[in-house]
1. Could you say which residue among Asp99, Asp76 is part of a helix (DSSP H, G or I), surrounded by fewer than 19 Cβ atoms within 10 Å (Cβ to Cβ), acidic (Asp, Glu) and without any contact (Cβ under 8 Å) to a residue 40 or more places away in the chain?
2. For Asp91, state whether it is closer than 29 Å to Ile170 by Cβ, free of Cβ contacts under 8 Å to residues at least 40 places away in the same chain and in contact with a Lys or Arg (Cβ under 8 Å, 6 or more places away or on another chain).
3. Does the stretch 148-156 contain at least one residue that is in a helix (DSSP H, G or I), closer than 20 Å to Lys196 by Cα and modelled with pLDDT of 95 or more?
4. Residue check: is Glu156 over 24 Å from Val67 (Cβ atoms) and over 17 Å from the mean Cα position of the chain (by Cα)?
5. Just one of (1) closer than 20 Å to Ile132 by Cβ; (2) touching a residue at least 24 places away in the same chain (Cβ under 8 Å) trips up Ala198, so point out which.
6. Taking only the stretch 174-202 into account, find how many residues are closer than 17 Å to Val149 by Cβ and in a loop (DSSP other than H, G, I, E, B).
7. Looking at Leu221, is it under 26 Å from Thr49 (Cβ atoms) and modelled with pLDDT of 95 or more?
8. Please name all residue pairs, on different chains or six or more residues apart, with Cβ atoms under 8 Å, provided the first residue is in the stretch 106-117 and is farther than 14 Å from Ala57 by Cα and touching a residue at least 60 places away in the same chain (Cβ under 8 Å) and the second residue is outside any loop (DSSP other than H, G, I, E, B) and of a type in the set (D, E, K, R).
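The values are calculated or read from the model by the stated rules, or taken from the named source; none is laboratory data. Treat the numbers as computed from the prediction; the structure is a model and nothing was measured. Cβ sites come from the backbone with ideal geometry, for glycine too, and all protein chains shown count toward neighbours.
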Amino acid sequence: MFRSLALSITVVIAIVAATVSVDVVAQNTDSSSAEQPSADAGILIIGATRGTGLRLAKLLVARGDEVTALVRPSSDLSELEPLNVQLVTGDALNRADVDAAFAQGPYRAVVSTIGCFRCEQPPDYVGNKNIIDAAAASGNRRVIMISTVGAGDSKEGAPWISLWFLKDVIVLKEQAEQHLIDSGLDYTIIRPGGLKEAEATGNGILTEDSTAMGIITRADLAGLLVQCIDDPKTIGRTYTAVDSEMTWPWDMWSSL
């Protein structure tokens, strides 16, 4: 009887050990099969047809980076096409379209500048969630996302008018921020203050002071994005982006 019991226990242990071994091998195989981006791999931008994303594309192309952009069918490509970036037509709100953009990788970094407070279906959460999930699924670990002052622990620094005007968008940005943080990816979150359409001043800075509020040009914000792409010390950080020489709100409408 005891011999039979001992034999049964031995068989069970062997089966469990074999099962665990198979699981470990399968996990290791899945991990090794993901293509890892090289140091000279390209950059994927979602939101590259205008504003900060377009400025970023121009900076990256000018220094020789390969750039891929996910662009909506209705987007104006007049400024992006001359840059000879690789275009993938689709919408961040559609996960299959996002997966198609990631299929052109791997990428050294993925940058999302998407956002819209007038859209019927804003992309601020759903679009960014699709980007984050697709990055994780495809093994592209570096994701940089533009958010806004007023999201998360930066509410204290945001003026009341911004909190009121962007109240619905801020909720979506917060959800996207948390989803990115929880994803385990190598993230950087940047919360710009008031965005100004003007040429770069060279005074753009990143601060981890969550109470900071100010103004920054889209051109300077694009420059800070390039810095984050290049600097691994920005991984796992959430920043506020402002111009060190501009004062809110007086310089928002002044000429440079």
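1. Working: Asp76 fails: part of a helix (DSSP H, G or I).
The unique qualifying residue is Asp99.
2. Working: closer than 29 Å to Ile170 by Cβ: yes; free of Cβ contacts under 8 Å to residues at least 40 places away in the same chain: yes; in contact with a Lys or Arg (Cβ under 8 Å, 6 or more places away or on another chain): yes.
So Asp91 fits the description; yes.
3. Our first condition is that a residue be in a helix (DSSP H, G or I); within the stretch 148-156, this holds for 152-156.
With closer than 20 Å to Lys196 by Cα added as a condition, the list becomes 154.
Subsequent filtering for residues that are modelled with pLDDT of 95 or more retains 154.
The answer is yes, given that some residue of the stretch 148-156 is in a helix (DSSP H, G or I), closer than 20 Å to Lys196 by Cα and modelled with pLDDT of 95 or more.
4. Spelling it out, Glu156 is indeed over 24 Å from Val67 (Cβ atoms) and over 17 Å from the mean Cα position of the chain (by Cα).
5. Condition (1) is where Ala198 drops out.
6. Of the residues in the stretch 174-202, 1 are closer than 17 Å to Val149 by Cβ and in a loop (DSSP other than H, G, I, E, B).
7. Considered against the rule, which asks whether it is under 26 Å from Thr49 (Cβ atoms) and modelled with pLDDT of 95 or more, Leu221 comes out as yes.
8. Pairs found: Tyr107/Arg142; Arg108/Arg142; Gly115/Lys173.
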